[in-house]
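The values are calculated or read from the model by the stated rules, or taken from the named source; none is laboratory data. None of these values were measured; they are calculated from a predicted model. Here the Cβ positions follow ideal geometry from the backbone for every residue, glycine too, while neighbour counts run over all protein chains shown.
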Amino acid sequence: MLLTSFALAALALALAWPVPILLARAQWPSRAPATALIVWQSIALAGGLSMIGAMLTYGLAPFGADLVNGLRGFAGELTAGALPVGANFSQMFALSGAILLSVHLLLSLVTTFVQAERSRRRHRQLVTLLSDPMPERPGTRLIDHAAPVAYCLPGTTRSVTVLSAGLIALLDEEQLRAVIAHETAHASQRHHLVLLAFRAWRRALPWFPIATRAHEAVAMLVEMMADDQARRAVSDAALVRSIVLVASESSGQVGSSTQQDSTRVPVPSAGSREAIVSTFDRQSALDRPLAADGPTAARRISRIVDARVPLSAFARGSATTCAVALIAVPTVLLLAPAFA
């Protein structure tokens, strides 16, 4: 089982450093953002599985010839209160590390999900208090706010798109449809769940630079996917123009707070409308329509204007096959010896 541990450690190292760096620098993800998103998810899953699996198999080596028998042997020795001959400190340390890391990652995912859902419910309450429904646009609410604001609040059964009066005054009809189509794509494609998983990974391992790089890359990819959905509803020129207008209008209103998590909305202590409006004023700077800040907007506009040819079906299939293989390799290394 030591050979399996070393192989998994090598795979974990590759997925923690060179592979994600090469993917982040590659040009092809912008031509196939959905496929690139699958690859990023497989890297994260396979990397975590390899990291934990390497420590687990190394720690269980004295207890059995494979993972399944090692777990059985460890359970038996644990109840007997003794360790087998040959078990050393480094193996017990690795086994403890695998257990602690697994629990830490799971708790991070659960707490991130619970906090995001709680914040989303509070945000929906604020939106209900501050906005009015738009009968001509089902599922859309209007907030009387001068800043250009547009975002989609995902829900279990129904999502709500929120627009501001400032945004409607800024854009014409086609540009407004581009914004709505973009935000609706985020909700329909459940991008918030994808970002939540990578946010939990970054939160669990803040010292791990690849976790931050992966979160930033995935955030860009979901914006590109939403752009592609909007391009099916409006012309490329209208979408580009809407991004430019919103980015230029927001640049003077969005300060350093734009790096915060846009789902974190505090509930006002006072029940007055003035307190709620004050809370939304602070939040509105974070909910930039089309995520149109400087670097993000520039990359997305360049992608649309350059009219890059989409990745071929063969290339997308090859990338997807590699993504599946990334997950299959550590799974086979861990489980196959027990069934051989």
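General observations
- Restricting region 122-155 to residues that are touching a Ser or Thr at 6+ places or on another chain (Cβ under 8 Å) and β-branched (Val, Ile, Thr), the residue that is nearest to VAL246 (Cα to Cα): VAL149
- Yes/no for SER50 being part of a helix (DSSP H, G or I) and closer than 26 Å to PHE6 by Cβ: yes
- Some residue of region 311-329 being in a loop (DSSP other than H, G, I, E, B), surrounded by 12 or more Cβ atoms within 10 Å (Cβ to Cβ) and either modelled with pLDDT under 95 or not charged (D, E, K, R) (or both): yes
- Residue in region 27-47 that is of a type in the set (Lys, Arg) and either in contact (Cβ under 8 Å) with a residue 60 or more places away in the chain or within 18 Å of ALA323 (Cβ to Cβ) (or both) present: yes
- Comparison of VAL179, VAL160, VAL149, VAL110 shows that the only residue that is loosely packed, with under 13 Cβ neighbours inside 10 Å and under 23 Å from LEU195 (Cβ atoms) is VAL110.
- Qualifying residue in region 187-196 (condition: crowded, with 21+ Cβ neighbours inside 10 Å and within 14 Å of the chain's Cα centre (by Cα)): yes
- Yes/no for ILE21 being crowded, with 18+ Cβ neighbours inside 10 Å and of a type outside the set (Ser, Thr, Tyr): no
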